[in-house]
Amino acid sequence: MPDDAGKPSETEQLRRRLTRLEIRAKEASAAEPRARTAAAGSAAGAVALFLSLSLPWAREEVPFAFDISDEGVPSMYGVRASATGWDVLAASFEDERLLLAAAFTVLLVLLAVAVCAVVTWSRVLFVTVQVLAAAAPLLFLFSWPRNNGDLAAGPGLAAAVFACAVLVLSARLAAHKDSRSPDR
């Protein structure tokens with residue numbers, strides 16, 4: 001109840017402050033699972049992106065033949081050549097395939113920004129992760145070598161695209177207005 005000067009009493013001010021603190025605590029506890037999910041998704045996406053570079057990105061399609069001998073020994077025929085993401089990255093610079101080299105550069109920058117975003121928890125970095133993770137697969141779509149006979153994309157490229165999708169979703173979740181971002 002207000003006193004003579006029209007100001008609320010100290011008890012009323014304390015009651016309002018306590019109500020605001022309770023609302024803030026409830027909002028913080030509701031945002032905590034979202035923040036944990038976003039951090040876990042960002043970390044998993046960054047790890048998957050890094051590991052995808054060690055998988056075969058390009059391979060020569062040679063049919064495999066599986067056979068079991070009369071003695072019951074299984075054997076496979078055919079040789080499949082493959083190149084990891086690091087090999088394709090090096091070849092893109094050596095062959096001066098600038099768009100493919102740019103796609104790999106965006107992928108490596110995305111990896112660095114995703115790790116920084118998880119550590120610093122910045123809305124600006126999470127928005128940057130979303131933009132880079134959306135741009136990287138598009139760059140690979142336009143820069144990937146075509147009409148090379150039996151050359152096919154390997155599982156590394158698919159893993160990188162999947163990692164980009166995970167990073168977009170987790171960064172979007174982290175940049176949401178209810179997250180714990182300190183610069184909001």
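Per residue, what volume in Å³ does the convex hull of the Cα atoms of segment 91-134 enclose?
In segment 91-134, the Cα hull volume divided by residue count equals 56 Å³.
May I ask you to compute the full-extension gain from residue 162 to residue 23, defined as 0.36 nm times their residue separation minus their alpha-carbon distance, rounded to one decimal in nm?
46.2 nm
What residues qualify as long-range amide H neighbours of residue 84, i.e. H under 5 Å apart, gap of 5 or more or another chain, H built at 1.01 Å from N?
For residue 84, whose amide H was placed from the backbone, the distant partners under 5 Å are 57.
Residue 97's amide H: which non-local residues (gap 5+, or another chain) put their own amide H closer than 5 Å, with H modeled 1.01 Å from N in plane and none for Pro or chain starts?
Hits under the 5 Å cutoff: none.
May I ask you to give the solvent-accessible area per residue for segment 80-175, in square angstrom, as obtained with a 1.4 angstrom probe?
Solvent-accessible surface per residue comes out at 51 Å².
Need the full-extension length gain, residue 34 to residue 73, defined as separation in residues times 0.36 nm minus the C-alpha distance. One decimal, nm.
Here the answer is 8.8 nm.
Quick one: Kirkwood hydrodynamic radius for segment 6-62, alpha-carbon pairs, angstrom, one decimal?
Over segment 6-62, the inverse of the mean reciprocal pair distance is 16.0 Å.
For residue 134 and residue 172, compute 0.36 nm times the residue count separating them, minus their Cα-Cα distance, and round to one decimal in nm.
Gain in length upon complete extension: 12.5 nm.
The values are calculated or read from the model by the stated rules, or taken from the named source; none is laboratory data. Everything numeric here is computed off the predicted structure, so don't read it as measured data. In case anyone asks, the SASA skips ligands and DNA or RNA and just uses the protein heavy atoms, side chains included. Shrake-Rupley method; radii C 1.70, N 1.55, O 1.52, S 1.80 Å.
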